[in-house]
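Written out below as structure tokens is the structure these notes cover.
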Amino acid sequence: MTRVDTKECTWSFEQIYDEYKTAIYNYVYHLVGDREQADDLTQDTFLKAFRALPKMDSNLKLSAWLYRIATNTAYDALRRKKLIAWLPWQDLDHEPADAENADPQEVYGTTELVRAALKRMPQQYRAALLLYTQEGFTYSEIAQTLNIAESGVKMYLSRARQSFREHYRALEQGGARR
């Protein structure tokens, strides 16, 4: 077992990896929308974390730090591809209120509208919204992850919700194809 000593704390990297690998993979997958790429980026995230961990302070907020590395790693890959793909809310474990009785065509249409609306949102707002709604991060954790002031998180989330609503309504009125 590899142990990493930071000032007064001893981290077991294997324990960190075991505890966070699934959550980081899911988060990265939701950012990039490709399972193979998400797997590669998750490995890159933990490699970067392993290399940087010995330099970190003992009062490190581990989860926020790992998510920040994952966010930056995914954004770097997306910038290289110049493609940002987001999954619809239904794919993020959010079920329609009446999923069993819903018309499959209607659900599919809604899914496409959600996907298109999310794609049109600025990436920093999408990330904040995903961290808050999907990962359950606090404002403080979102601030650390996205490297913004904690006071700015509320504004990011407000703008993210507004942006999503505007894009969704426009697509709903004008058609989802474009």
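Quick note: the coordinates plus some simple rules give every number you see, no bench work behind them. Note that this is a predicted model, so its numbers are computed, not measured. Here Cβ is always computed from backbone atoms with ideal geometry, including for glycine, and neighbour counts include all displayed protein chains.
Here are a few things to note about the model shown:
- Under Karplus coefficients 6.51, -1.76 and 1.60, residue-wise ³J(HN,Hα) of the range 51-61 in Hz, glycine/proline x: 5, 8, 4, x, 8, 7, 6, 5, 8, 4, 8
- Near I24: Cβ cut-off under 12 Å, other residues only, Lys/Arg at +1 and Asp/Glu at -1. The net charge is -2.
- Distance between the modelled labels on E166 and R51, one decimal in nanometres: 3.9 nm (7 Å Cα→Cβ projection).
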